[in-house]
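The values are calculated or read from the model by the stated rules, or taken from the named source; none is laboratory data. Quantities reported herein were computed from a predicted structural model and do not represent experimental measurements. In this analysis, Cβ positions are derived from the backbone assuming ideal geometry, glycine residues included, and neighbour counts consider all displayed protein chains.
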Amino acid sequence: MDPSIQEWSSVNQQFLAAMVAIVRKRLEVYDQNGNADAERKQEAALLPLQKKAAVLLNGMTIPAALNRLGDTFGLSEFEKNVLLLCAGVELDPEFGGLVSKIQGGGVYPTFGLALAVLPDAHWSAVVPGGSLRYWRFIELTGHLPVTKAPLKIDEHILHYLAGIYQVDERLLTFVQPFRTAQDMVPSHAALCDLILNNLTAAAPDNRLPVLQLGGAYDSDKKEMAAQLCRQLGVQPYSASLYALPSGYTEIEDFARLWNRESALKLYALIIDATNLDPSDKHREQILNQYIVAVQSPLIILGGKTINNRVHSGRFFEIPKPLAEEQYHLWKKHLNGSVALPDQELRRLVSQFDFNAKTIEQTVTGFTAIPVNGKDNRLWHACCHQVRPEIEELAQRIPPLAEMDDLILPESQKERLRELILQVKHRSKVYDEWGFGRNSNRGLGITALFAGESGTGKTMASEVIAKALDLDLYRVDLSQVVNKYIGETEKNLKKIFDAAEQGGAVLLFDEADALFGKRSEVKDSHDRYANVEVSYLLQRMEAYKGLAILTTNMKQAMDRALMRRIRFVVQFPFPGAEQRAAIWKRVFPRETPIASLDISKLARLNIAGGSIKNVAMNAAFIAAETGGPVTMMHIQRALRGEYEKMEKPLSHAEINQLQ
């Protein structure tokens, strides 16, 4: 403990004891003379005690706890003496006996005794709306008339008067100290100054507006909240919105205790509403109750934008660190621990949009990843860092295929190579060469893969992800689209918010489920459907990763979408030559096969995806018989594939396989 604080604590307790002694002396005089007038005639009996208290008070550089309490809540001298009367019972072993003697029983003083003994008495001190009872400094116990009910001092207030400044344990069930240790990047420090200026300018009555902080990273919002509290000179405590009391009376009780604490000790309350569902009106109403009831500085993390009619709010989005700031954070935390060329570090920054805490965590943990050929552990550590959030929303597909595995016309392959190069060199073109200087719109790299089922659209996505050494996530738009208004947009937001950190390759299957030609607006559902399309286009255009849409019906796609897609790759149905090439590659080298007639197999008018299914099913049939894969096994597997496609297998096709 600071020596000056320790010294103050000792003097404060001596001062409290002296003030209690004065009240005790008043009781003794009253007991001896039977009335208060006699006490006024014997003021000389109080002078030594009053002088001692005055000397102690004058020697204190920090106000005594009793006086601070009185000044903060506007207590009269009589109200402070009532507190001392109640405190005396707890602090002085003989005090209760004296009270009992005067009252004719009961060690706890009554308000009637206070009115009789203490100077400048007034009835308003004990009304429910008065400071003593409203702030619960004292409690009237028992079901007795007001003047006869015993008075008890709140235990926490007793400790406060003794100089023990701790948080009320009744609050600690819901709140905890709020601590962060993250350094702020310059752009966040500048934003902090802006927020402070905005808050103080908007508080002419000294009550700060409610502050709401949004942003992609919880740690950035928390660090901003902590820094703002440091600048305001208040100590932050945090609570989850879902952990706080939720009943009206319970909220009022909590707020009253909290407001009492924060007034005495300069606290700020930080409510974490990050997980608040915008459609949860009940929980939103609870949050609004806290906004109205809490009088201390109040900061809301995340949640729906505040729209409270009683108190104004200020919303600030905490952006991710700038690219150059991320670059210097990587340099700082790597500290030469890995030989990473500057160009590679720049590419890392371009691909992974991390904040300071995530960068530190990634650098700390990447050494545990084994080296496999090229030392790309740091890159893979970045991929691992963002997986948990995305995998709740989309299916990760391990990218195994390479460009040589694709059976496509060369022109389509060339378009895929161009796409890969644009993602790879995005940092150089956008940042170093200035193309991204004036706008974020249109900088996202998007592609549409169009073609029948099984023509290689998903495999091409794998090829791209593998070439870029990125994770591939499949998003089924038919599952994302929701009939309830606003739900589709909410689902899309979750996906992009999670994927933004890592620049993963997002594969949106069945894009026509959402991107079909926009309908004429006839009702609210049509209007919101068009809003959902616009929202997805907006997010795709700003997405730092790669977004790929697939469709079986290119002709049904909206023209506005087609204009905003950078790459459109048509996946043609394979001809006989392409089908022959697929059949030659479809069986792994380890698979035992008999002499298969590739030319006959190539005549089967099926796409590459179906060829793969037939080959695998034929292998299972052969495995059961214990022999190699034969044309007969393929014929059996083919029947099952055709049934699945609801397509008849003609006699001519069967004869081809004989």
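Any chance the range 139-147 includes a residue that's buried (at least 16 other Cβ atoms within 10 Å of the Cβ) and either modelled with pLDDT of 95 or more or out of contact with any Leu (no Cβ under 8 Å at 6 or more places or on another chain) (or both)?
First pass over the range 139-147, keeping only residues buried (at least 16 other Cβ atoms within 10 Å of the Cβ): 140.
Subset that is either modelled with pLDDT of 95 or more or out of contact with any Leu (no Cβ under 8 Å at 6 or more places or on another chain) (or both): none.
No: zero hits.
To keep it simple, each residue is scored yes or no on (1) modelled with pLDDT of 75 or more; (2) assigned to a loop (DSSP other than H, G, I, E, B); (3) crowded, with 16+ Cβ neighbours inside 10 Å.
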site	(1), (2), (3)
Arg474	yes, no, yes
Ser478	no, no, no
Leu492	yes, no, yes
Phe508	yes, no, yes
Leu514	no, no, yes
Item to check | Failed item, numbered, when Ile270 is tested on (1) at pLDDT 95 or above; (2) under 19 Å from Trp135 (Cα atoms) | outcome: (2)
Checklist entry - Being modelled with pLDDT under 90, of a type outside the set (Phe, Trp, Tyr) and part of a helix (DSSP H, G or I), is that true of even one residue in the range 6-13? => result yes
Item to check | Qualifying residues in the range 325-353 (those that are part of a helix (DSSP H, G or I) and among the polar types (S, T, N, Q)) - the one farthest from Arg387 (Cα to Cα) | outcome: Gln343
Checklist outcome for this item: Scanning the range 358-387 for residues that are in the same structural domain as His333 (by TED's automatic domain parsing), at pLDDT 80 or above and surrounded by fewer than 19 Cβ atoms within 10 Å (Cβ to Cβ) gives Glu360, Gln361, Thr364
Checklist entry - Only one of (1) surrounded by 15 or more Cβ atoms within 10 Å (Cβ to Cβ); (2) without any contact (Cβ under 8 Å) to a residue 12 or more places away in the chain; (3) over 33 Å from the mean Cα position of the chain (by Cα) fails for Gly436. Which number is that? => result (3)
Checklist entry - Of the residues that make up the range 27-50, is at least one surrounded by fewer than 17 Cβ atoms within 10 Å (Cβ to Cβ), under 55 Å from the mean Cα position of the chain (by Cα) and more than 22 Å from Leu140 (Cα to Cα)? => result no
Item to check | Residue list for the range 403-417, restricted to those being assigned to a helix (DSSP H, G or I), over 14 Å from Phe449 (Cα atoms) and in contact (Cβ under 8 Å) with a residue 60 or more places away in the chain | outcome: Met403, Asp405
Item to check | All positions within the range 131-154 that are assigned to a helix (DSSP H, G or I) and without any contact (Cβ under 8 Å) to a residue 24 or more places away in the chain | outcome: Arg133
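To keep it simple, each residue is scored yes or no on (1) in contact with a Pro (Cβ under 8 Å, 6 or more places away or on another chain); (2) crowded, with 19+ Cβ neighbours inside 10 Å.
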| position | (1), (2) |
| --- | --- |
| Gly105 | no, no |
| Tyr108 | yes, yes |
| Phe111 | no, yes |
| Ala114 | no, yes |
| Arg136 | no, no |
| Leu161 | no, yes |
| Ile164 | no, no |
| Thr180 | no, no |
Item to check | Residue selected from the range 623-633 under the condition modelled with pLDDT of 90 or more and among the aliphatic types (A, V, I, L, M), by the criterion surrounded by the fewest Cβ atoms within 10 Å (Cβ to Cβ) | outcome: Ala623
Checklist entry - Taking the range 51-98 only, how many residues are in contact with a Ser or Thr (Cβ under 9 Å, 6 or more places away or on another chain) and either closer than 26 Å to Tyr30 by Cα or part of a helix (DSSP H, G or I) (or both)? => result 5
Next on the checklist: Given (1) touching a Gly at 6+ places or on another chain (Cβ under 7 Å); (2) surrounded by 15 or more Cβ atoms within 10 Å (Cβ to Cβ); (3) among the hydrophobic types (A, V, I, L, M, F, W, C), identify the lone condition not met by Val99.
Outcome noted: (1)
Item to check | Of the criteria (1) modelled with pLDDT under 90; (2) part of a loop (DSSP other than H, G, I, E, B), which one Pro399 fails | outcome: (1)
Next on the checklist: Where the second residue is of a type outside the set (Ser, Thr, Tyr) and in a loop (DSSP other than H, G, I, E, B) and the first is free of Cβ contacts under 8 Å to residues at least 12 places away in the same chain and under 20 Å from Ala87 (Cβ atoms) and lies in the range 102-130, which pairs have Cβ atoms under 8 Å and are six or more apart or on separate chains?
Outcome noted: Gln103/Pro109
Checklist entry - With (1) in the same structural domain as Gly215 (by TED's automatic domain parsing); (2) more than 21 Å from the chain's Cα centre (by Cα) as the list, and Leu334 as the residue in question, which single condition is left unmet? => result (1)
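Report, by residue number, each residue of the range 556-601 that is touching an Asp or Glu at 6+ places or on another chain (Cβ under 8 Å) and modelled with pLDDT of 90 or more.
Phe567, Phe571, Phe573, Arg585
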Next on the checklist: Among the residues of the range 599-622, are any farther than 22 Å from Leu400 by Cβ, over 50 Å from the mean Cα position of the chain (by Cα), hydrophobic (A, V, I, L, M, F, W, C) and surrounded by fewer than 16 Cβ atoms within 10 Å (Cβ to Cβ)?
Outcome noted: no
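In the range 581-611, which residue that is in a helix (DSSP H, G or I), basic (Lys, Arg) and without any contact (Cβ under 8 Å) to a residue 60 or more places away in the chain is nearest to Lys644 (Cα to Cα)?
The first filter runs over the range 581-611 and keeps only residues in a helix (DSSP H, G or I), leaving 581-586, 598-602, 608-611.
Next, only the ones that are basic (Lys, Arg) stay: 584-585, 600.
Okay, now just the ones that are also without any contact (Cβ under 8 Å) to a residue 60 or more places away in the chain, so 584, 600.
On the way: Lys584: 24, Lys600: 22 Å.
Among those that are in a helix (DSSP H, G or I), basic (Lys, Arg) and without any contact (Cβ under 8 Å) to a residue 60 or more places away in the chain, it is Lys600.
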Checklist outcome for this item: Picking from Arg179, Arg170, Arg133, Arg207, the residue that is within 30 Å of Gly112 (Cβ to Cβ) and out of contact with any Phe, Trp or Tyr (no Cβ under 9 Å at 6 or more places or on another chain) would be Arg133
